[in-house]
1. When N counts the residues of the stretch 53-114, how does its alpha-carbon radius of gyration compare numerically with 2.2 N^0.38 Å, as a ratio?
2. Label residue 106 and residue 82 with points 7 Å out from Cα along Cα→Cβ: what is the distance between them in nm?
3. By counting other Cβ atoms within 10 Å of each Cβ, how are 101, 59 ranked from fewest to most?
4. Give me the percent relative contact order of the stretch 53-114, please, defined on Cα pairs under 8 angstrom at least 6 residues apart.
């Protein structure tokens with residue numbers, strides 16, 4: 001049979017974004033980190049955004065602790081599995097706040113249903 005066969009990749013399969021080098025889901029149409037388009041997909045929503053749902057989100061603000069001295073900070077994300085084993089640990093950002101400086105951060109977890117990926121879906125059409 002001639003045509004484009006869908007590959008049977010498993011849910012959670014990953015690849016590297018060619019733009020920012022982040023590890024992303026193989027089913028991603030747009031990199032969630034750098035927002036670059038990764039492939040053309042006729043099933044993608046308008047604007048190239050994949051059909052995702054925000055399953056969990058938290059936002060927080062960090063203020064300098066004192067007006068007369070700097071406060072250093074590290075933003076660290078740790079992921080654990082169902083057995084409480086650490087599967088990922090990343091330092092996202094570090095810095096220092098002084099006086100009235102403030103940083104606001106948002107952490108969100110987006111979910112989507114995996115879709116089969118065409119082996120030719122990453123090719124640009126001319």
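Computed from the coordinates by the stated procedures, all read-outs in this text should not be read as laboratory data. The shown structure was predicted, so the numbers you read here are calculated from the model rather than taken from an experiment. Because the Cβ atoms are built from the backbone with ideal geometry, glycine has one as well, and the counts that use them run over all protein chains shown.
1. Output field value: 1.46.
2. Result: 3.1 nm between the two label points.
3. On the way: 101 13, 59 9.
With the sparsest Cβ surroundings first, the list reads 59, 101.
4. On the way: 105 pairs, mean separation 30.7, N = 62.
Computed value for the stretch 53-114: 50 percent relative contact order.
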